[in-house]
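Just below is one structure, and these are the notes that go with it.
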Amino acid sequence: MTCCRTRTITSLSKLALAAWLGAGAVHADTLPLPAAGSCGQSKLLKPAAVGAAGANMLVRVRVREDGTVHAPAIDTGSGIEQVDRRALALIQACRFTPAQREGKPVAGDALIALAFASEQLEEPALRALYQRYLPSMRRTLEGRKQYHAAHILVKTEAAARAVLAKLAAGEPFAQVALDHGAKDDGELGWILSERYTPRFAAALRNRTAPGLLPEPVETEYGWHVIRIDAIRPAEPSPFESVREALWRAAVAEMDAN
């Protein structure tokens, strides 16, 4: 995953801001302003002044006469859906000093800048997070095994036994898997048994050596013909395979602080 599309937002002139906000704001004497401390913030997102250093997102809102927010929308986003959704939620919770016209509160539009800490989601930060999680992952996997396996899934026991017969006759597993619509030759890669349904998992755990399981295994998905190519002590997944999970964890961790 490539992170993150951001750009510094330049200051807007009063004329440009008024043109962007529309006629309702042009006729107001003052524009809506966020009430101090009302928006909240986290390490992920912080309110910022338009044009300020680090301001790299813009959200436009309609502020009602009572200062509450209506229909916030991303104007300049992060390029990351999860972050943009969080920005909208943050702004939705804000309270504003409403626009004023002739001394009375009126509805008006506002343009709110946010600083998104995108550098914390780039690869160096994610690799540091991976190293921080590594001891815990190793403890979790202690004493467990991983299986390098492949399977062919069919609808009935009779079909599964026909597959076993073809394999016993010397037909290549990959070809038989392809004939039954399997993707990637039926390969599952290195897996923990716990990721699969109980009967499938038990079939893996009951094997102490690689080989084709002599009996098909029934699960709620159908009948499986399973081949185990290798068994090893469980190891933490490499960084590349968990990059997206680390990215989500980084977003959650930053957003909680």
(Q) I need the full set of residues from the stretch 138-147 which are exposed (fewer than 15 other Cβ atoms within 10 Å of the Cβ) and not in a loop (DSSP other than H, G, I, E, B), in order please. (A) ARG138, ARG139, THR140
Q: Collect the residues in the stretch 36-86 that are out of contact with any His (no Cβ under 7 Å at 6 or more places or on another chain), without any contact (Cβ under 8 Å) to a residue 60 or more places away in the chain, assigned to a strand (DSSP E or B) and not β-branched (Val, Ile, Thr), keeping them in residue-number order.
A: MET57, LEU58, ARG60, HIS70, ALA71, PRO72, ALA73, ASP75
Q. Residues in the stretch 122-138: is at least one touching a strand residue (DSSP E or B) at 6+ places or on another chain (Cβ under 8 Å), of a type in the set (Asp, Glu) and touching a residue at least 60 places away in the same chain (Cβ under 8 Å)?
A. no
Q.
Would you confirm, using the coordinates I've provided, whether GLN100 is assigned to a strand (DSSP E or B) and either over 30 Å from ASP75 (Cβ atoms) or touching a His at 6+ places or on another chain (Cβ under 8 Å) (or both)?
A. no
**Q.** Given (1) more than 19 Å from ALA250 (Cβ to Cβ); (2) in a strand (DSSP E or B); (3) open to solvent by less than 20 Å² (accessible area, probe 1.4 Å), number of the condition LEU114 does not satisfy
**A.** (1)
Q.
Quick test for you: out of ALA159, ALA89, ALA128, pick the one residue that is open to solvent by 30 Å² or more (accessible area, probe 1.4 Å), assigned to a helix (DSSP H, G or I) and within 20 Å of ALA71 (Cα to Cα).
A. ALA89
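The values are calculated or read from the model by the stated rules, or taken from the named source; none is laboratory data. This is a predicted model, so every value here is computed, not measured. Cβ: placed from backbone, ideal geometry, glycine included. Neighbour counts: every protein chain shown. Side chains included, ligands, DNA and RNA excluded: accessible areas come from the protein's heavy atoms. Shrake-Rupley method; radii C 1.70, N 1.55, O 1.52, S 1.80 Å.
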